[in-house]
1. For the stretch 312-445, give the percent of accessible area contributed by carbon and sulfur heavy atoms, probe 1.4 Å, rounded to a whole number.
2. Aspartates and glutamates near residue 405 by alpha-carbon distance under 13 Å, same-chain residues fewer than 8 away left out - which ones?
3. Label-point separation (nm) for residue 428 and residue 211, each offset 7 Å from Cα along Cα-to-Cβ?
4. What are the ³J(HN,Hα) values, in whole Hz, obtained from phi via the Karplus relation 6.51 cos²θ - 1.76 cosθ + 1.60 with θ = phi - 60°, for each residue of the stretch 266-272 in sequence order, with x given for Gly and Pro?
5. For 240, 426, give the ranking by accessible area with the largest first, probe 1.4 Å.
6. Could you derive backbone 3J(HN,Hα) for the stretch 494-509 from the dihedral phi with the Karplus parameters 6.51, -1.76 and 1.60 (θ = phi - 60°), listing whole Hz in sequence and x where the residue is Gly or Pro?
7. Considering only the other residues whose Cβ falls under 12 Å of the Cβ of residue 125, what net charge follows from Lys and Arg at +1 and Asp and Glu at -1?
8. Long-range amide H contacts for residue 211: which residues qualify at under 5 Å (H placed 1.01 Å from N, peptide plane, sequence gap of 5 or more or a different chain)?
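The values are calculated or read from the model by the stated rules, or taken from the named source; none is laboratory data. Keep in mind that this is a model prediction, so the values were computed, not measured. Every residue, glycine as well, gets a Cβ built from its backbone with ideal geometry; the counts of neighbours run over all protein chains shown. Only protein heavy atoms, including side chains, enter the accessible area calculation; ligands, DNA and RNA are left aside. Shrake-Rupley method; radii C 1.70, N 1.55, O 1.52, S 1.80 Å.
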Amino acid sequence: MNRAHRRSGVLAAALAAGLLLGGCASGSQRSDGSAGDHRKPAHGVPDGGRTAAPSAPADGRAGDGPEGERRGPVPAADYLSTFALDVDTASYGYARRSLAEGRLPDPSTVRPEEFVNSFRPDYPRPADDGFSVTVDGAGTGAEGWSLVRVGLATRGADRAGERPPAALTFVVDVSGSMGEPGRLDLVQHSLRLAADGLRDDDSVALVAFSDQAETLLPMTRLGEARHRVREAVDSLAVRSSTHLEAGLRTGYDVASEGRREGATNRVVLLSDALANSGETSADALLGRIDEQRREHGITLFGVGVGSEYGDELMERLADKGDGQTAYVSTREQARKVFVDQLPAQVRLRARDAKAQVAFDRETVERFRLIGYENRAVADEDFRDDRVDGGEVGAGYTVTALYVVKTRPGARGRIATATVRWLDPDSRSPQERSGTVEASALQAGLWGSGRDSLQLSAISAYFAESLRGGSLPGAPRLAELAGYADGIRGRSGSAVVGELAEAVRQADRLLGERPPAEGEFGSSDPYA
């Protein structure tokens, strides 16, 4: 990832808020498709496509300037933006913990899309196993600038209904650093929750690693064996160094040996991701994960813990493993991840899901996708189904926000958003699209009845401020906290209240010391 500037801190977790959708939504249309998508390097940004000027970068933003200065959008040479879907939420959770402990998170660990996707708007749900597409937006108050939101949602899962069995291999870090309160003890609590919530036909294995790895429980059908799982979990104890390579190697071996046809086969890594022995480079660790994913369809779910956390490593591992990351620091968060999210991931709705947004050059002058830098996909490869996208489970939402400058007097269509995915069972490609018109952007963002869009905007503005950037029309942090308080009051959502408190904590910490020279770039990078 190519992020501007560094501060002390780290990553984030998953929380959800069900709020009514505010703003103007489009309809959806569906068609089948074929051929193409190629993910760009992790540090890349969407290049806006190739339809108009193949050699020009055109995602509506300039590249990083000298010494990493974040620069604003430039006129787009073409008008496409393409990315793989991402349902990670760890960045928000870890940032919230860092702020609560009086530390500003390191900007390199702040991923705006994970802040935004930590909350789940009440988008319409499809009747089938695909996606609904909702596109809306509003004016930001900065001249000519609007926010455009692309919202995708999958159908929820019936907890008592049919689903494929799960074959889960839990790989647990028991190194010395896991002895800190809120690490191994929280992992054990999380595993007990998971074992209690899974079905009799599901299978579980347990691998522990420190300076070496040990299989504590081979792949075992739960049925009448839940007591064996609890005994194995209770036996976990802190040892010595962190040999992450050994843990992953053994974990994937156990997962491969216990692989079940027709099941969701997944490795669940629980660690602070602070590897300090054996092979510690991300590239070497990634090779093993990619091999198992390609050969056996075994995906990876990374769960981070601890006040010090290897954010970048965990995220890269999960991306390579076609999985996702979450972060837990409390028992409430553990319940959210292991009782609510993990079972939903067992029932996939889409494989290799990608989105492409086509902006209309007649109405749009500039645009920029907020976040998703390390999920970028080459526009000409959108329909190349050989290239990985995101795996999305039942009941998930995915939100992408764009800052868009419209041309004076713009009328008509602003953008068309298309999501493409493979059916989890048949692997057949499917597509669905939605549009937004200029008239939908005329209302102001902070008007009444727009709580859902406002919550997405607050999350994005907050994240962008933490990583040292700015967005057109962004309120001050104190104002953002006030807007979040208003939404909390109207919805009764505790997690929105937590967001408001995190914004206040950041405002206090930023106010306690002046920024380093050039830390936040120019006062108006979009001028």
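1. 40
2. Cα-Cα hits under 13 Å: 59, 143, 360, 362, 365.
3. 5.6
4. 9, 9, 10, 8, 10, 6, 8
5. Final ranking, largest accessible area leading: 426, 240.
6. My calculation for the stretch 494-509 gives 5, 5, 5, x, 5, 4, 4, 5, 4, 5, 5, 4, 5, 4, 5, 5 Hz in order.
7. Numbers: positive: 120, 155, 349; negative: 122, 128, 129.
Summing Lys/Arg as +1 and Asp/Glu as -1 gives 0.
8. 240, 241, 243
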